[in-house]
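A.B. asks: If you scroll down you'll find the structure; I have some questions about it.
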Amino acid sequence: MMDIHQILKQLPHRYPFILVDRVLELEKGKSIKALKNVTINEPFFGGHFPHRPVMPGVLMLEAMAQAAALLAFATLDATPDDNTIYYFAGIDGARFKRPVEPGDQLVMDVTLSRMKAGIFKFNGITRVGADVACEAELMCTMRTIA
């Protein structure tokens, strides 16, 4: 549905912080399914943890938020510009169910539950295979910067 080149046109993030590799499905105003391939080459694995590399939970939440941003932009038929920033406004009910390690593939299912007054509310579940790795309710907003 969307490859890395199309994703880079929508998201301002760049290495090492682009955390969506591909969009598998996208239904405007409803949901997105995206993936992130996790490799040993990720810069955070050197320090988290040297003896047992584990993807930080906050980066799983960030990956879901990036997928949510792609859904929001598609829903609004908008392409963000250099004056538009997409921020976290809140994270509720975050739960981490299993460690994510090098070689895992994150499949993120994010649904839009509410869009009101510039605030977007999403429900996100990230899986590795059939196992839930992370879930959370995400609130995000777009702001124009000077």
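Each value in this text was obtained by applying a stated rule to the coordinates, not by laboratory testing. Nothing here was measured: the structure is a model prediction, and the numbers come from that model. Here Cβ is always computed from backbone atoms with ideal geometry, including for glycine, and neighbour counts include all displayed protein chains.
A.B. asks: By how many degrees, between 0 and 90 and to the nearest 10, does the Cα long axis of helix 57-75 differ from the longest principal axis of the chain?
C.D. replies: The answer is roughly 30 degrees.
A.B. asks: I need Thr141, Thr79 ordered by Cβ neighbour count within 10 Å, fewest first. Working shown, then result.
C.D. replies: Working: Thr141 15, Thr79 10.
Least to most surrounded, the residues fall as Thr79, Thr141.
A.B. asks: So how do Lys33, Lys9, Lys28 line up by other beta-carbon neighbours within 10 Å, fewest first?
C.D. replies: Numbers: Lys33 18, Lys9 10, Lys28 14.
So the residues, fewest neighbours to most, are Lys9, Lys28, Lys33.
A.B. asks: Of Lys9/Lys116; Lys9/Lys36; Lys28/Lys116; Lys36/Lys116, which sit over 22 Å apart, Cα to Cα?
C.D. replies: Working: Lys9/Lys116 25 Å; Lys9/Lys36 17 Å; Lys28/Lys116 16 Å; Lys36/Lys116 29 Å.
In this structure, Lys9/Lys116; Lys36/Lys116 lie more than 22 Å apart at Cα.
A.B. asks: Over the chain, what portion of Cα pair distances is larger than 21 Å, expressed as a whole percent?
C.D. replies: Details: 4224 of 10585 pairs.
Summing the P(r) tail past 21 Å for the chain gives 40 percent.
A.B. asks: Can you sort Asp81, Asp131, Asp104, Asp21 by how many other beta carbons sit within 10 Å, fewest first? Display every interim value, and only then the final one.
C.D. replies: Values: Asp81 8, Asp131 11, Asp104 19, Asp21 16.
So the ranking, lowest neighbour count to highest, is Asp81, Asp131, Asp21, Asp104.
A.B. asks: Taking the chain as a Gaussian network, Cα atoms linked when under 10 Å apart, which of Lys36, Lys97, Lys121 shows the biggest mean-square fluctuation?
C.D. replies: The residue with the greatest mean-square fluctuation here is Lys97.
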